[in-house]
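Inspection log for the structure reproduced underneath, given as C-alpha cells.
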Amino acid sequence: MKVIIMGRFVFLFFVSIPLLFYSKVYAADGCIANVPLQSNGRLYVTLNSVNDWDAYGTGYNNPNSIYCIKSRSGSCTVSGLFTYTGTPVTYTLPVGCPIDDYNWFLILPLGGLGFYYMRKRTQLQFQEDLVA
C-alpha cells in the first residue's frame, strides 16, 4: 500500500512540474488601430479604462508576426493626443506553438519515472531472489 501511495505522489510531482514553466502561454486583450506617426496596425495593450487603450503605453508593431491574433466584435478606442477607433482583439503567445521546444518537459519526467520504477522493480526482484 505504501508503494502505491508513494508511486502516485511521485507521478503527480513529476507531472505538475512542467505546468510551472508554461507561464508564457496566455491570452490577453488589446486593440489594433492606425494611429498617425506610429506603425499601421499597431497592437496596443496598455488599458486606460474599459475598451479604451493608451496610445503612449506598451504596443507592438507587426503583431501578426509575434502573436496569434483573434478579432472580437465591436470597436475599441486608442487615446493619446487624439482618440482613434480600432478593432478589439485577443492575442496569445507564441504564434507558432513550437511543441518541439517543449519535448524535454515530457521526456525528463517520464525518464525519471521509468528509472524509478525500474530501480524499484530490480530491488524487489533482488529481495525475492534472496528469500527463494
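If you check every pair at least six apart or on different chains, which have Cβ atoms under 8 Å apart with a residue in the stretch 48-74 that is without any contact (Cβ under 8 Å) to a residue 60 or more places away in the chain and open to solvent by 60 Å² or more (accessible area, probe 1.4 Å) first and a residue that is of a type in the set (F, W, Y) and outside any helix (DSSP H, G or I) second?
T58/Y44; Y60/Y67; I66/Y60; K70/Y91
Condition check ((1) at pLDDT 80 or above; (2) under 30 Å from S39 (Cα atoms); (3) within 29 Å of the chain's Cα centre (by Cα)) across all residues:
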| site | (1), (2), (3) |
| --- | --- |
| N64 | no, yes, yes |
| C68 | yes, yes, yes |
| R72 | yes, yes, yes |
| T92 | yes, yes, yes |
| N103 | no, no, yes |
| L106 | no, no, yes |
| G112 | yes, no, yes |
| Q127 | no, no, no |
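What number of residues in the stretch 32-45 are open to solvent by 30 Å² or more (accessible area, probe 1.4 Å) and more than 13 Å from P88 (Cα to Cα)?
Number of matching residues: 5.
Of the residues G41, G59, which is at positive phi and at pLDDT 85 or above? Before you say what the answer is, go through the steps one by one.
Values: G59 fails: at positive phi.
The match here is G41.
The values are calculated or read from the model by the stated rules, or taken from the named source; none is laboratory data. What you see is a predicted model; the values in this text were computed from it and never measured. FYI the Cβ positions are ideal-geometry reconstructions off the backbone, even for glycines, and counts take in every protein chain you see. For the accessible areas, the whole protein counts, side chains as well, though only heavy atoms, and no ligand, DNA or RNA atoms are used. Shrake-Rupley method; radii C 1.70, N 1.55, O 1.52, S 1.80 Å.
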